[in-house]
Each structure stands twice: as C-alpha cells, then as structure tokens.
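Enquirer: This is the structure I want to talk about, given as structure tokens.
The values are calculated or read from the model by the stated rules, or taken from the named source; none is laboratory data. Computed from a prediction, not measured in an experiment: that's the story for all the values here. When we count neighbours, we look across all protein chains shown, and the Cβ atoms used for this are built from the backbone with ideal geometry, even at glycine. We work out accessible area using only protein heavy atoms, side chains counted, and drop any ligands, DNA or RNA first. Shrake-Rupley method; radii C 1.70, N 1.55, O 1.52, S 1.80 Å.
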Amino acid sequence: SQCCWASRLRDLLCKFGSGFVWFQKSVGNDKAFLALLKERLCDDFKQEWTTALNSSERFSLYASFKSNLLTENYFDFVKIKCFRDALIKLRMGVLPLNANRFRYAHENALKILCNFCKNEIEDEIHFICFCPLYKEFRLKYIQSYLQNDHSFTLLMQCQEKIPCQNLAAFAFHACKKRDIYMLLK
Ligand SMILES: [Zn+2]
C-alpha cells in the first residue's frame, strides 16, 4: 500500500541521516540529493553483503577468496558454458564433493572423506590442489599456478583470462572424471 512504501522511504531516509527531507518535504538540490542517496544505498548494501558473507559458515569458502562486490572477469573470459558452469559451482561450494554433499551429515564424519584417497577430506582444496585422481588435468591446466599454501586462494581470486579459463576447464574435466570413477568403483 501507499502507506507501506511511504513509511519505508521515511525509515530509509532517517537511517541515512536524511530524515530532514521527509519532514521538510524538500530535498534542496535534487541532483545532489539523489546522488548522495544512491551512494548511501550502495554503501549500505555493500556493508550488509560483506557482514552477511563473513558471518556465514555455509559460505566460508566463498568468503575466503571473494572480497569485493564486482562482477568477476571470468563471466567474460570463460565462453564455454559447461566450463563456466563448473567454475561457478566450484566457487559456490556446490560441486558434488563429499564435503559439500554431506555438509550437514554430522552423524557420520567419514562420509566427507575422498572416496579415492580414503584418508583426506574431499573439499575444494583437496579437489583442486591435491587429489591424485585428477593429476593429468592438474598438470595440463593448473599446475603452474599451484606453488604454495596460498595458491588455492590466489587462483580463485585470479582476474586474468588464461588462468580463469584453465581453472574452469580443470573443474569441468575433473568433475567428469569423478562421475566416472564413482560409477565404476
Ligand atoms: Zn582424493
């Protein structure tokens, strides 16, 4: 209703320290006011987004490499849809890795272990950096970016074309290999 949006607008103006606008029924300089309001809205949204992300256990992986609210370059760089989809799933923590599939199955901690390695947790870092099941694809696509303990984060944060494309290709081919392994084992 009109009353509802009007009171929301009033609350918003007060929140941003512009409550006087509501009570004076005038904004003064229209353009300057709108520019300021837009900036405040954007700042407020970014602040809430950052707080929500950093306080979320579910998205702790995403928070570990995502720190700004910009569109990632890989959307432009990775043109092959199935590669891009695999990269998006990797970043969102929804690849069918055991640490994701059994995220809430606390009753059986063994379920999150890698089916191939047996004694390692199958999470994204294991999948990207270590699991020997994907050694051929790691060598072909991403080995040169994996040099130290921070490599996983740096690779996930990378905004350059070739590493993004290679990471996406790795994610796609490794997932396919995982599917086949799980079918045949
Ligand atoms: Zn493994």
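Results for (1) open to solvent by less than 90 Å² (accessible area, probe 1.4 Å); (2) modelled with pLDDT of 85 or more, shown as yes or no for each residue.
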| site | (1), (2) |
| --- | --- |
| Cys4 | yes, no |
| Leu12 | yes, no |
| Trp22 | yes, no |
| Gly28 | yes, no |
| Leu34 | no, yes |
| Cys42 | yes, yes |
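Enquirer: Six or more apart or on different chains, Cβ under 6 Å: which pairs go from a residue in segment 1-28 that's assigned to a helix (DSSP H, G or I) to one that's among the aromatic types (Phe, Trp, Tyr)? Could you list them?
Expert: Arg10/Trp22; Leu13/Trp22
Enquirer: Does Pro132 satisfy the condition of being closer than 18 Å to Leu90 by Cβ and either more than 20 Å from the chain's Cα centre (by Cα) or open to solvent by less than 70 Å² (accessible area, probe 1.4 Å) (or both)?
Expert: When the stated conditions are applied, Pro132 does not pass them.
Enquirer: Need pairs with beta-carbon distance below 7 Å; first residue more than 10 Å from Phe172 (Cβ to Cβ) and within segment 80-91, second open to solvent by less than 60 Å² (accessible area, probe 1.4 Å) and not polar (S, T, N, Q); sequence gap 6+ or separate chains.
Expert: As it stands, the answer is Arg91/Tyr62; Arg91/Met156, since those pairs meet every condition given.
This table checks each residue for (1) closer than 28 Å to Thr50 by Cβ; (2) away from the ligand (no atom under 14 Å from the Cβ); (3) surrounded by fewer than 15 Cβ atoms within 10 Å (Cβ to Cβ).
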| position | (1), (2), (3) |
| --- | --- |
| Leu70 | yes, yes, yes |
| Lys81 | no, yes, yes |
| Asp85 | yes, yes, no |
| Ile88 | yes, yes, no |
| Val94 | yes, yes, yes |
| Ala105 | no, yes, yes |
| Cys114 | no, no, no |
| Tyr141 | no, yes, no |
| His150 | yes, yes, yes |
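Enquirer: Could you run through segment 132-185 and say how many residues are without any contact (Cβ under 8 Å) to a residue 60 or more places away in the chain and outside any helix (DSSP H, G or I)?
Expert: Number of matching residues: 6.
Enquirer: Restricting the search to segment 55-79, which residues are closer than 19 Å to Glu160 by Cα and not hydroxyl-bearing (Ser, Thr, Tyr)?
Expert: Answer for segment 55-79, where residues must be closer than 19 Å to Glu160 by Cα and not hydroxyl-bearing (Ser, Thr, Tyr): Phe65, Lys66, Asn68, Leu69, Leu70, Glu72, Asn73, Phe75, Asp76, Phe77, Val78, Lys79.
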